[in-house]
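Bear in mind these aren't lab numbers, they're just calculated from the coordinates by the rules spelled out. Quick caveat, the model's predicted, so the values are computed rather than measured. With ideal geometry, Cβ positions are generated from the backbone for all residues, glycine too; neighbour counts draw on all protein chains shown.
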Amino acid sequence: MEDFNAFVDGLSGAVFFKLPLLGTQIELIVLYLALPMLFFTLWLGFPNVTQVGRAIHILRTQPHEDEAKGDVSQWGALSTALSGTIGLGNIAGVAVALTMGGPGAILWMFIIGWFAMTVKMAEVTLGLKYRVFDDRGHVHGGPMYVLKAVGAARGWPRLGLALGGAYAFFALFGAIPMVQVNQSFAQVQVVTGMTNGWAYGVFIAGAVALVTLGGAAWLGEVSKRLTPLKVAVYLGGVFAILILHVADIPAALALIWNGAWSGDAATGGAVGAFVAGMRRAVFASEAGVGSAVMAHSLARTQHPVSEGLVALLEPLLGTMIVCALGGLALVVAGTWNGGLEGIAITSAAFAQVSPWFPWLLAVVVFLFAYSTLVAWGFYGLQAWGYLFGNGPKAQWTYKILYIVALPPAAAIDLGRVVGIVDSSFFLMAIPNVIALYLCAGELRRDVKDYLVKSKS
């Protein structure tokens, strides 16, 4: 066990290696993900400004089932991606950003989320371009397929296979669902007093199985209904907090703005606010990790760039709206600097509205965790299929393993399992970002060609 613990600690230390930056420390992996956000925003001509309206139009006029190849609608693919992206990190992550960097971190989360829109567009466009269809007509996609195809096209087939295999391997561990189950049970335990983690684990495993065993079509149908519901319930609670403190909103906005440029010594000043906001925005949007590519690859679309533009909306909704409004609510409530940590900050803010509002938060936490579990179960299935084949036996093997892994997560002390999951999650970004840079030229050509044709 000591050797295992030492391995996990070493892995976490390598993945989350910190560099000194303007008087503070920031993980190298965060910088690795932040740089392509800036590069591709410039390289592709600021589509996060010019193409948002077009992305919304595409969703309104998306192809029907008989008009394009794919397993789900573009709205269904976006909802599935949002199911995986908008999770507990969007609730607790905002609170963590406030604790680390003060109110100014909220503005930097908003700004970094805006840059993240372009990376999402780039990686999803590539995912649609290089997705594959099996003998049954079902689609499979993700960064591993991009890396395999790009490597072969450039005369590096072995390197492409190796990088694709590395991505799929890391994705299998990154998709381990233990953290989501454990965290959701913790909040349910607070409001209900429930102590039987196994019972909760079995319940959520059964709920996940209903969707996971049903395949991609079921996933799309559930996601496009569950995603708007969970966001609406959470934002309903957030707006209730804002209404309760409506007179304090101008002062809170001033605090956020001033904190972004000056901050206070306790939270590292302006640099501390920037680092905290960037870190949480990168984590919340998952831009550059490539996970959402596997969901978007299912979409019925007539051109890869079309789905790439739809993916623009993901960080807009998840980071720039959900996280920013949630952060504003915590600032006006004043619970962020009261000595609490994580989701307890959010729970205290909800309790100001009504004693039963923490129950509402428990419902939100469950919905967020559940949708994330469903989405990441699918992501893990895609990685498993790449490594072991997409035949019925291989797929059923993974689905059963995934569901069986859920119940223990609510009852055990996660310990260093979290370190393995988190490290694997961000190791996925290394080969994915390499693919983005390798395909930068064709990405710009494809985007320009699509925009020219769509205008004619």
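Computed quantities for the displayed model
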{"quantity": "FRET E, pair Ile249, Trp156, Förster distance 56 Å, beta-carbon r, rounded to 0.05", "calculated": "0.55"}
{"quantity": "17 Å reach of a label modelled at Lys455, 7 Å along Cα-to-Cβ, counting backbone N of region 43-87", "calculated": "44-55"}
{"quantity": "Sorted peptide list for 324-333, 233-242, criterion being average Cβ within 10 angstrom, highest first", "calculated": "324-333, 233-242"}
{"quantity": "Pairs of lysines in region 27-455 (C-alpha under 16 Å apart; 8 or more residues apart or interchain)", "calculated": "4"}
{"quantity": "Burial ranking of peptide ranges 37-48, 334-345 (average Cβ count within 10 Å, highest at the top)", "calculated": "37-48, 334-345"}
{"quantity": "Peptides ranked, highest mean first, by Cβ atoms within 10 Å: ranges 54-63, 76-85, 357-366, 109-118", "calculated": "76-85, 109-118, 357-366, 54-63"}
{"quantity": "Stokes-Einstein D (µm²/s) once Rh is taken as the Kirkwood radius of region 27-455 over alpha-carbon pairs, at 10 °C in 1.306 mPa s", "calculated": "73 µm²/s"}
{"quantity": "Gain in span if fully extended, Leu42 to Leu19, counting 0.36 nm per residue against the direct Cα distance", "calculated": "5.7 nm"}
{"quantity": "Nonlocal amide H pairs with Lys18, under 5 Å, H built at 1.01 Å", "calculated": "Leu28"}
{"quantity": "Semi-axis lengths, Å, region 40-185, gyration tensor of Cα atoms, sqrt of 5 times eigenvalues", "calculated": "29, 22, 19"}
